1. Among the numbered criteria (1) in a loop (DSSP other than H, G, I, E, B); (2) more than 18 Å from the chain's Cα centre (by Cα); (3) over 29 Å from residue 154 (Cβ atoms), which one does residue 227 miss?
2. Only residues that are assigned to a loop (DSSP other than H, G, I, E, B) and within 22 Å of residue 298 (Cβ to Cβ): list them for segment 234-268, please.
3. Might you let me know whether segment 93-108 holds any residue that is touching a helix residue (DSSP H, G or I) at 6+ places or on another chain (Cβ under 6 Å) and either outside the structural domain of residue 28 (by TED's automatic domain parsing) or exposed (fewer than 14 other Cβ atoms within 10 Å of the Cβ) (or both)?
4. Within segment 1-107, considering only strands (runs of 3 or more DSSP E) that don't extend past its boundaries, which have at least 2 residues that are touching a residue at least 40 places away in the same chain (Cβ under 8 Å)?
5. Looking at 207, 129, 147, which is the one that is touching a strand residue (DSSP E or B) at 6+ places or on another chain (Cβ under 6 Å) and either within 26 Å of residue 244 (Cα to Cα) or surrounded by fewer than 22 Cβ atoms within 10 Å (Cβ to Cβ) (or both)?
6. Among the numbered criteria (1) crowded, with 16+ Cβ neighbours inside 10 Å; (2) within 19 Å of residue 194 (Cα to Cα), which single criterion is violated by residue 325?
């Protein structure tokens, strides 16, 4: 008689279903897990994440966006019980809190993914409170996954999380194809930015930098700061809006992301895999993406302009290095077992 082994069940909980880095990370995690595990998502609505993920089941509830909703927490815990979830992977601020507090009602291992520690960069006057809460929550968390060296350092030194609970895996992305040549393909270089128009992203600085460069800048994304950027934009700046499943990196020459804070930006990793040189803010995990394949810049308009011109002048070398670095460190297809084996550690504990 053959023994049928049921798939273990992994649930990802994310505050918003919008098109963002944390959401794309979850989608690609499900892509690499779906053959071995049953996957679930809990989020706010049937937005980009639900529409683009191949999960087995999901739950949506707008109350996840509340700072605290006992009604949502109870419904979420009931979902965990009903589906007999074996492992929870939580990320983003509110979802990170609910994902761990649910252990009061349903006991299963929880992994928290940092994605840049918003409790630090977005805490403002409440930073001390948010950091203290994060430290307390880490005590009921089986593991904290840091996506960059910078996140790891902050977890240890600024938040005070026990290093024995921290796992470090640099963000990785599935390859989406490589452009045909390492040379500039447009006589007038086309610079790409893919990001939400929302703090801590600083598209406004990139718009200003466009005024004195012989190139065009294309923005993919939407959000609350887009309208102001459009009002101040020169004629060589184009706003394409949010493009569902955008993967058209190969038609551009260079990728730039200007931000006040980052974990390790997936959009930059995707661009690197295609062969685009990078111009990134010198914040968070961005320095971990640059090694002869682009330029790190301060968040000043003249510095951004200079960085773009430098990357274009050394284009072919930067383009080659982007592909080399992606394949050696950031190719999720190549390194997917790093995540699968990590999850299995906690699934075994719960067996």
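1. Among (1) in a loop (DSSP other than H, G, I, E, B); (2) more than 18 Å from the chain's Cα centre (by Cα); (3) over 29 Å from residue 154 (Cβ atoms), residue 227 violates only (1).
2. Once the filter is applied, which keeps residues that are assigned to a loop (DSSP other than H, G, I, E, B) and within 22 Å of residue 298 (Cβ to Cβ), segment 234-268 yields 234, 258, 260, 261, 262, 263, 264, 265.
3. So far as segment 93-108 goes, yes, one or more of its residues are touching a helix residue (DSSP H, G or I) at 6+ places or on another chain (Cβ under 6 Å) and either outside the structural domain of residue 28 (by TED's automatic domain parsing) or exposed (fewer than 14 other Cβ atoms within 10 Å of the Cβ) (or both).
4. Hits in segment 1-107: 9-14, 38-43, 87-91.
5. Just a single option satisfies the conditions, and that option is 207.
6. So the condition that residue 325 fails would be (2).
The values are calculated or read from the model by the stated rules, or taken from the named source; none is laboratory data. A quick note: this is a predicted structure, and the numbers were derived from the prediction, not measured. All Cβ positions, even for glycine, are placed from backbone atoms using ideal geometry, and neighbour counts span all protein chains on display.
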